[in-house]
Every structure is written in structure tokens, then in C-alpha cells.
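Engineer: One structure, as C-alpha cells, below. Some questions next.
The values are calculated or read from the model by the stated rules, or taken from the named source; none is laboratory data. Small disclaimer: the values here were computed from a predicted structure and weren't measured. Cβ sites come from the backbone with ideal geometry, for glycine too, and all protein chains shown count toward neighbours.
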Protein chains: 2
Amino acid sequence: MSRPVFDDIQAKLRSLTRGTRALPPQSRAEKSAALRARIIDAAKEEFAAKGYDGASVRAIAAAAGIEQGHLGYHFKTKRALWEATVDVVFADFPSSVAGMPLPRTYEDARAVMRLALHSYADYCTVCPEHARMVFNEATSGGERLEWLVERHIRSRVATLEPVFNAARDRGAVPATSFEAFLLSFLAAIAFTYGLRAFPAAVFGPAKTPVEEVPPVPIEELIALFLR
Amino acid sequence: MSRPVFDDIQAKLRSLTRGTRALPPQSRAEKSAALRARIIDAAKEEFAAKGYDGASVRAIAAAAGIEQGHLGYHFKTKRALWEATVDVVFADFPSSVAGMPLPRTYEDARAVMRLALHSYADYCTVCPEHARMVFNEATSGGERLEWLVERHIRSRVATLEPVFNAARDRGAVPATSFEAFLLSFLAAIAFTYGLRAFPAAVFGPAKTPVEEVPPVPIEELIALFLR
């Protein structure tokens, strides 16, 4: 190869890489974290759509663009991958009412319960895999559900109970038990915003893609849960 | 064999079969229907627990006590077996409000909506596979969900809408949209009574079997849906 041609190629390579030159090289730990995130993204989709038993680790590896053996290096078992995925999904769970002072007036109670309803609806809209993974385990029952409830749900429920009780004492929510309120609240919102395929199939025109059927406005659900 | 011994055996056989002698022999069609019912019983359990993708036709055949090939004689494909199972599950869906005259007073409207809530809760309690199979498809979305909605849900929803509208006009249900009411009503009741493993895991003492955690009284849910 003659010198001018070589210089030309060198110049081209420099110009091609100039934009990225300033970025520091990705460390091994960063690369590993990025790959882990890519695997979990693929796992979210697969577990949410097919349930634990129906999900295929091979399909998750393929969606993440790696060999199944390489996936096994990051997550030793299907169960370990499922647990890591649940942890990532619940990391964004709203903590809107945690640590707030208990409401003292009807208006405060109504405002704080509105906030809880709104933030759970937003979360289910942005992260539908939450509802889909929880419903899948709730249909199966068993040890995975116990793990999920123990790790991610029980303490959040405990946070909401005194807020609900205070709101009920002030007449801001229906006069019912915390159990009935919580189960209905979770189910109604998770089903309406997290499992959008169902409302779309029932209320949308036939064969319309889910995204084109407008979601039920949250205010219409709030009418059931606030007084 | 001497004659007295033979007569004795004949007499014993007669006494053993006397109770069943009156029954006509089972015809081939009856035997086939009984086996079909046994297969569908096993399929209900398997599809409800594991979802369509997770369910194993081999496991269903084993639970029904037959060879997988023999199951294939009755149901050509997994999808055909799933459809037949959904049809059997929905055969018991309550038709309590279908064909009733529209309520004209607040009291009538409240009574008919109470009936709808009660009968759906009873159905979800007696046939939890309904809720589990619908939720499993609602998490996946897609063509099976469309089939299920078209075949079993859309016409029932159409029956309930005028009843809800009349009840709302008379102030017997919350002033919200039919969509919001129906989605919340289905989700709250199906989740609370059909997916009992979830309430049991959240509200029961740790490691308690589902059957030992008392269900939420239906009156506590009715407080959310009636006025």
C-alpha cells in the first residue's frame, strides 16, 4: 500500500472516530453493567408476556443479543434472572406517601390519597411489566409469589394502611376495610393501566392496536376510590 | 370345579354386581364425553396455574391419566384444548342481569347491581380458573385474548352497560364512566376472589395455606361500587 493511500485511510479513520474520541474508554465493570441492564430489559418483556413457566431463557439471551451460555455467566439460574428483573421493576415503585405526616383534615386526606392513586397509575402506565409480572405470579400462587410479596409488597402495604385509616376517619375514602380498598385499588389500576390489552380488546374497535385506544382517564377511577 | 363351588361363586358375583346391575352399560359416546370432561378438568388447572405458554400438554394428559397421543385424538392442538377449556369455564358465567327489565327506581337499581356483584363474586370463588385464565391472557395480549373477548366477554359487557347507565342515572352507583366502573369491578372481584393466593400472601400470616386465610367479605367491596 503506497504512503498517500495509507495517510488518506488514517485521516478518514481519525475523522470517523473524532466524535467519540473524548469519551473515556468503557471499563470492564461498566460494560458488564450495561450488558446486565440489556439482559434485564429483555427479561422484563419475556416474563411479563409469558409468565415464569412460559418464559424462555434462550429467547431472552437472543433478544439481548448474546449467547445463552454468556447469559448464564451473569445469572446462574432462570429464578435468579427473574428475581433480578422483579427487583429492577419494583425499584421505580412510587414512594409518594411514605414518610408523609398522617393527614389531619378531610382536604389533606383527600389530597394524599389522590397522590397515591395518581402515582400508582403513572407507574403502571410507564412500567406495565410490574402489573403483568405480579398478576402472573398471583395466578400461580406458591413460593415465588411469597418471595415477591415479602420482598417488595408487604412493607409498602404497611406504609399505606395508617394513611388509609386516617383518610377513612376523615370521610375521604369509602367506609370499608383496608383489605378490600387495597385489593380493589391495586387490581383496578394495575388492570386498567398495566394490562392495556384487555381494555383495548373490550372497548376499542376490533383489531385496533393497543396504543391507539385511549386509556380510561384516571379521574374516572378516582370517583370510585375517593369520597 | 364341582357344581356346588361353581354355584357359590355365581351367587357371590350376583351379589357383588347387584347394586350396579340396574345401570345401563356406558355407551362409547358417554365414555368419550366423560374422558373429555376429565381432560378439560386437568387443562383448567394447568392453564390457570402456568398460562398458555407455560402449560404442558404432556402434564395435562398425565393428570387426566391418559397417553399424550390419546389426548391428541380428542384435541388436535394445544390451542384447540385451550379454547375448549375457556368455553367450559365461561359456561358457568352468571347471566343474572341478562334479560331483566331496566331498573326504574334507586332501590331497584341498587338491588340489580348488588345481584351482579354478588353473582360475579360467587362465580370467581367457585371457578377461580376463570379469573386466572383471563388475567393470564390479559398480561400477554394478542390473538388469543381477542378470541376470548369476542367469544365470551363483549356480549356480556353489552348486556351490563344499559343496566349500569340506568343505575347511575338513579344514583345507585358512582358517577363515573361505564369503562372505569366495569374494569374496576371485574379486576377488584376477580383479583380478590379468583386469585386468592395474593390476598392470602399479603394479609395472611406467613406460610399460611390459602384456604385458611378467610376471604374479604363481599359487602366490603360492595361499599366501593354502590352508593
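Engineer: Go through region B:144-161 and give me each residue that's more than 15 Å from B:SER96 (Cβ to Cβ), touching a residue at least 24 places away in the same chain (Cβ under 8 Å) and of a type outside the set (Lys, Arg).
Structural biologist: B:TRP147, B:LEU148, B:HIS152
Engineer: Further question: Counting only residues that are at the interface with chain A (Cβ under 7 Å from one of its Cβ atoms) and either assigned to a loop (DSSP other than H, G, I, E, B) or crowded, with 22+ Cβ neighbours inside 10 Å (or both), how many does region B:150-179 have?
Structural biologist: The qualifying residues number 4.
Engineer: Regarding region A:74-85, can at least one residue be identified that is modelled with pLDDT under 95 and either outside the structural domain of A:LEU182 (by TED's automatic domain parsing) or of a type outside the set (Ser, Thr, Tyr) (or both)?
Structural biologist: yes
Engineer: Name the residue that is farthest from the other protein chains (Cβ to nearest Cβ), counting only residues in region B:189-227 that are under 25 Å from A:LEU226 (Cα atoms) and of a type in the set (Ser, Thr, Tyr).
Structural biologist: Per the stated criteria, the residue is B:TYR193.
Engineer: Could you go through region A:49-64 and let me know if any residue there is within 27 Å of A:VAL157 (Cβ to Cβ) and surrounded by fewer than 18 Cβ atoms within 10 Å (Cβ to Cβ).
Structural biologist: Yes - at least one qualifying residue is present in region A:49-64.
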